[in-house]
Amino acid sequence: MRMRFEPEAEEEFEAACGLLVDRVVRWAGEQGLPVDGFTAEAALDYRHRATADGRLGLWEPRHVEELLLSWLPEQVTELPGEERVDAPGTLRTLLRYLHAAQLADPRGPSLQDSLAVVDRVAEQHVAAMTDRTRWGLAKFWAMTAAEQGVDVQDGAALQRFADRAQRGEVVYDQQVLAAIMERRLTGRSLSGVDRAEPQLPVMLPPDDELRRRAEASTTVAQLRGLAGWAGQGGRPVTATGRLRMVEARELVDRLGTGDRIEGVRSSADLPRLGLLVEWAKEARLVRVVKGRLYAVAKARPVLADPLRLWLRAFDACFELRQALIGACSGWHVESMLFDVYEHILDDVLNTLYSLPYPMPWPRLRDTVHLAYRASFQLDAGLDLQHRMWFEQADRDLRAVLDLLDDLGAIERDRGMADPVFLDIDLSDAGPELLADMPAELAELLGVAGAATDPVARERADARREELTAGPVELIRLTELGTRAVRQRLLEAGRDAPLVGELAQAPAAGLLGVLAEDYDPDAARTELAGWITARGEREGALRQLTDAVRTMTFRTRAQAMLDVLLTALPDGEGERLLRTLRRDTQLAPLALNALAHRELLSPEDMSDAESLLVLAESLLQLVELAGGGDGAEETLRAQGLQARDAVAAALDSAHPDRAGLDELRQLAARALGTHGARLGRARKARRSSGKSGRKRRR
């Protein structure tokens, strides 16, 4: 049971969602808790389809609020006369189940904190559901039709209503429709949220060490010095808000900006000092009030803490577009970077984040060029005018990199580009991906044969020659820069794993996150730190194996055990799993893992062990198919081969007797049915739990 799926993995998500909802409904019945299956499915749909990270097991306050106040009002239709569903109650039950089943992400809030947020937001949910401006477009027309007596369950009647609406014969609330369309067009509809690319785990020193490095930053000293110079009494500025020349000369010397002051008559001609003043304004360290430049009183705690000051300055970089690359006068024109400054800066920093190798300038430059082509709809050609545009934008991008370098967010060096940046191996990508890939992207990735246009091929060859001819500029984030970018990623709702953040996580939560989000090296480091934090190694390993033992989802238990096999050092994982061959509960998983890694051949297993592996494989197959109808279809597709395998598995000593009983029932229905195969059941919406009603979106 994975708790995150790629956006394009629709079938896998639908199967997992169906299985999870079935388990939630069953558990809620046993616990006597309220649940509506359709609403539980809608909640999982929201996390998968409408959030940047897609983590089904992590529910921060923002997710609770968006689900109850935006997603459900937008997506779920409650027709006149229908009983209103207790959506907050269902969400509480879902959250309780995720924690009880050890599926909750340990990096999220505690269960009690999450329930408190639900209680707070629940008071606003009913009003949000009836607020028509929060509805989606499909819901608006469905409700309009229902309110005018149309049976929306009747496809023909609904089509006749749609035809009348297109002819302008339907009365509807034009103001509400305008508000709905405005929300869609401005990107405030949750259905338009794009999934962000996952980031690799990073390692960071303690904040005290980062604070020491921030204290050494020249920019931090300059910003602090400027605020101290302005003081609470303020300093006079000109009518246009600029420093007077006499004060500007003093500051150039005092702050060491490096501006040349000989012959300068206006502080506007001191670019570095001017940028520093604007930087301090955007960082909310100083402000201009009634002709005087004052230090902001509320910024005193920030100025006293070099790390907080550094992070404040970093965030302010996103507001420095005009001061940094804006046109100096009406005779100048901004570059392409000016129009997409914040977007490109975000992309550049996110691209550098968690990279194991420094990024060569030619690759970074061409990646940004690709973004320009998409933003400004430039063709693939590179005529003289386009070349001038790109060169101007490149100069501005270098000015941005200079700023980040001065701050200490990036470091630049010269050296040979790592081979990983030369060509991207897409031999396993499949013909569909290669066929659908834009020519510019294929060219940028160096896909062989992708650039059939001679001009594009010439550019690709030139880029490769540039990367291989000799040393190039190499760019990477510093640890301070990594800390700042990670903070922005988290604020944007993205996943940004940090090695060491799971040291106090429960064993099941640790193994689940390592299985889904960590590369092998980071997983080994994180697991070693977790074990060390427990003090006694044998006890820590017992906690880890017990977490696998109590995991009720076979596929997730398998992934958790695989982490122990690969992440424990010096062959300890293999020795542990060989020991678990004698463990009644864990033997099927251990045997399966050893066999999958080719550490145990079929000849090395007894007949009883072979049956355990067969049974385990079938039980995991049922889970992956989503149980129920999906599993029946999968078994039916295998025919007689599945019949024989199921019969053998049922004779095994596998400890999951409930799972085997479910397998027996599924096989009886699937393999005892003849005739045409049924269509994919997961495409149909599930029943809404106890009532069995169908709900609409």
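The values are calculated or read from the model by the stated rules, or taken from the named source; none is laboratory data. Please read all numbers here as calculations on a predicted model, not as lab measurements. Here Cβ is always computed from backbone atoms with ideal geometry, including for glycine, and neighbour counts include all displayed protein chains.
Please find, among Arg488, Arg483, the residue that is out of contact with any Ser or Thr (no Cβ under 8 Å at 6 or more places or on another chain), surrounded by fewer than 20 Cβ atoms within 10 Å (Cβ to Cβ), charged (D, E, K, R) and assigned to a helix (DSSP H, G or I).
None of the others qualify; the one that does is Arg488.
Being part of a loop (DSSP other than H, G, I, E, B), surrounded by 22 or more Cβ atoms within 10 Å (Cβ to Cβ) and in contact (Cβ under 8 Å) with a residue 24 or more places away in the chain narrows it down to one of Leu514, Leu527, Leu502, so name that one.
The conditions single out Leu502.
Go through segment 253-280 residue by residue and tally those that are within 18 Å of Ala295 (Cα to Cα) and either surrounded by 20 or more Cβ atoms within 10 Å (Cβ to Cβ) or among the aliphatic types (A, V, I, L, M) (or both).
Going through segment 253-280 one residue at a time, the tally reaches 7.
Any idea how many residues of segment 407-422 are at pLDDT below 95 and either surrounded by 14 or more Cβ atoms within 10 Å (Cβ to Cβ) or aromatic (Phe, Trp, Tyr) (or both)?
4
Would you please name the residue that is nearest to the chain's Cα centre (by Cα), looking only at residues in segment 17-42 that are more than 21 Å from Gly509 (Cα to Cα) and of a type in the set (A, V, I, L, M)?
Ala42
Go over the candidates Ser687, Ser691, Ser652 one by one and state the one that is at pLDDT 85 or above, out of contact with any Phe, Trp or Tyr (no Cβ under 6 Å at 6 or more places or on another chain) and either surrounded by fewer than 19 Cβ atoms within 10 Å (Cβ to Cβ) or outside any helix (DSSP H, G or I) (or both).
Answer to the selection: Ser652.
Got a number for residues in segment 164-195 being of a type outside the set (Asp, Glu), surrounded by 11 or more Cβ atoms within 10 Å (Cβ to Cβ) and either over 15 Å from Lys139 (Cα atoms) or touching a helix residue (DSSP H, G or I) at 6+ places or on another chain (Cβ under 9 Å) (or both)?
Selection size over segment 164-195: 17.
To keep it simple, each residue is scored yes or no on (1) in contact with a helix residue (DSSP H, G or I) (Cβ under 9 Å, 6 or more places away or on another chain); (2) surrounded by 20 or more Cβ atoms within 10 Å (Cβ to Cβ); (3) aromatic (Phe, Trp, Tyr); (4) in a helix (DSSP H, G or I).
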{"residue": "Pro73", "(1), (2), (3), (4)": "yes, yes, no, yes"}
{"residue": "Val85", "(1), (2), (3), (4)": "yes, yes, no, no"}
{"residue": "Leu98", "(1), (2), (3), (4)": "yes, yes, no, yes"}
{"residue": "Ala146", "(1), (2), (3), (4)": "no, yes, no, yes"}
{"residue": "Ala157", "(1), (2), (3), (4)": "yes, no, no, yes"}
{"residue": "Phe161", "(1), (2), (3), (4)": "yes, yes, yes, yes"}
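Take Gly529 and tell me if it is out of contact with any Lys or Arg (no Cβ under 7 Å at 6 or more places or on another chain), not aliphatic (A, V, I, L, M) and not assigned by TED's automatic domain parsing to the domain that holds Leu345.
Judged against the criteria, Gly529 is a match.
In this structure, is Val246 more than 21 Å from Asp405 (Cα to Cα) and in a helix (DSSP H, G or I)?
yes
So if I check each of Leu98, Leu56, Leu111, which one is more than 21 Å from the chain's Cα centre (by Cα) and farther than 24 Å from Ile180 by Cα?
Only one candidate qualifies: Leu111.
Considering only segment 229-241, how many residues are at pLDDT 90 or above and closer than 14 Å to Val277 by Cβ?
The total comes to 7.
Among the numbered criteria (1) modelled with pLDDT under 95; (2) over 19 Å from Gly512 (Cα atoms); (3) under 15 Å from the mean Cα position of the chain (by Cα), which single criterion is violated by Arg62?
Answer for Arg62: the failing condition is (1).
For Pro301, which of the numbered conditions (1) under 21 Å from Thr218 (Cα atoms); (2) surrounded by 15 or more Cβ atoms within 10 Å (Cβ to Cβ) fails to hold?
Exception for Pro301: condition (2).
Can you confirm whether Ala676 is modelled with pLDDT under 95, assigned to a loop (DSSP other than H, G, I, E, B) and either farther than 30 Å from Tyr46 by Cβ or outside the structural domain of Trp71 (by TED's automatic domain parsing) (or both)?
Answer is yes for this residue.
Taking Ala557 as the residue in question, decide whether it is buried (at least 21 other Cβ atoms within 10 Å of the Cβ) and hydrophobic (A, V, I, L, M, F, W, C).
Answer is yes for this residue.
Check Gly535, Gly493, Gly539 and return the single one that is more than 23 Å from Ala587 (Cα to Cα) and surrounded by fewer than 16 Cβ atoms within 10 Å (Cβ to Cβ).
Gly535
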